[in-house]
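Enquirer: Submitted below is the structure of interest, expressed as structure tokens.
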Amino acid sequence: MAMTGRPWRVSRQPLKEWEYLKIQIYGAIPTDRPNMSELAFRMSIQQALQSTFGLSGASIVIDVLDWDEHTSTGYIKILQSELVTVWNALILHQFQMDNKSYAIQVLGSSASLISLMDDSPRVQQQQ
């Protein structure tokens, strides 16, 4: 049987330019939440990048979109090409604040901010 027409090809969709991450600061005790301002949150992200990857890590552009002091949860925007670098720096970073140890947890990532901010019960079960 002869094949007619164009051969079958897989078309690749280009990656979105931005990736959004939902991250949370947590302590050794689950009820431990840092009393952290948005500025301190931004600085802890930069410290994570610099301590893990040096000056090249510190040069990565990160936009903090939202920070909730009560839940210690924030949303950041990064370039899609920097996703693995930023993710690794965040989860490997630990820091001291008020004589307590804290770490950063990535709760989710998405190319769409709306899908990441969805507070449906399905998303709550994953956390």
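Enquirer: Can you tell me which residues in the range 12-63 are touching a residue at least 60 places away in the same chain (Cβ under 8 Å) and assigned to a helix (DSSP H, G or I)?
Expert: S44
Enquirer: Anything in the range 82-109 that is surrounded by 14 or more Cβ atoms within 10 Å (Cβ to Cβ) and of a type in the set (V, I, T)? List them, or say none.
Expert: Residues satisfying the conditions are T85, V86, I91, I104, V106.
Enquirer: Moving on. Look at the range 27-64 and say how many of its residues are touching a strand residue (DSSP E or B) at 6+ places or on another chain (Cβ under 6 Å), open to solvent by 80 Å² or more (accessible area, probe 1.4 Å) and at pLDDT 90 or above.
Expert: Within the range 27-64, residues that are touching a strand residue (DSSP E or B) at 6+ places or on another chain (Cβ under 6 Å), open to solvent by 80 Å² or more (accessible area, probe 1.4 Å) and at pLDDT 90 or above number 1.
Enquirer: If I go through the range 70-86 residue by residue, how many of them are within 14 Å of I104 (Cα to Cα) and not small (G, A, S)? It would help to see each step written out before you state the result.
Expert: From the range 70-86, those within 14 Å of I104 (Cα to Cα) are 71-76, 86; that's our starting set.
Still in the running and not small (G, A, S): 71, 73, 75-76, 86.
Counting residues in the range 70-86 that are within 14 Å of I104 (Cα to Cα) and not small (G, A, S) gives 5.
Enquirer: Given the conditions (1) in contact with a Pro (Cβ under 7 Å, 6 or more places away or on another chain); (2) over 17 Å from L39 (Cβ atoms), which single one is not true for S101?
Expert: (1)
Enquirer: Could I ask something else about it? Which of the residues spanning the range 18-43 are of a type in the set (D, E) and out of contact with any helix residue (DSSP H, G or I) (no Cβ under 6 Å at 6 or more places or on another chain)?
Expert: Scanning the range 18-43 gives D32, E38.
Enquirer: Another one. Among residues belonging to the range 17-26 that are of a type outside the set (A, V, I, L, M, F, W, C) and within 18 Å of T85 (Cβ to Cβ), point out the one that is modelled with the lowest pLDDT.
Expert: E17
Enquirer: Against the definition (within 24 Å of E17 (Cα to Cα), modelled with pLDDT under 90 and open to solvent by 40 Å² or more (accessible area, probe 1.4 Å)), how does L113 come out, yes or no?
Expert: Considered against the rule, which asks whether it is within 24 Å of E17 (Cα to Cα), modelled with pLDDT under 90 and open to solvent by 40 Å² or more (accessible area, probe 1.4 Å), L113 comes out as yes.
The values are calculated or read from the model by the stated rules, or taken from the named source; none is laboratory data. Keep in mind that what you see is a predicted model, and the values were worked out from it rather than measured. Note: ideal-geometry Cβ built from the backbone for every residue, glycine included; neighbour counts use all protein chains shown. In case anyone asks, the SASA skips ligands and DNA or RNA and just uses the protein heavy atoms, side chains included. Shrake-Rupley method; radii C 1.70, N 1.55, O 1.52, S 1.80 Å.
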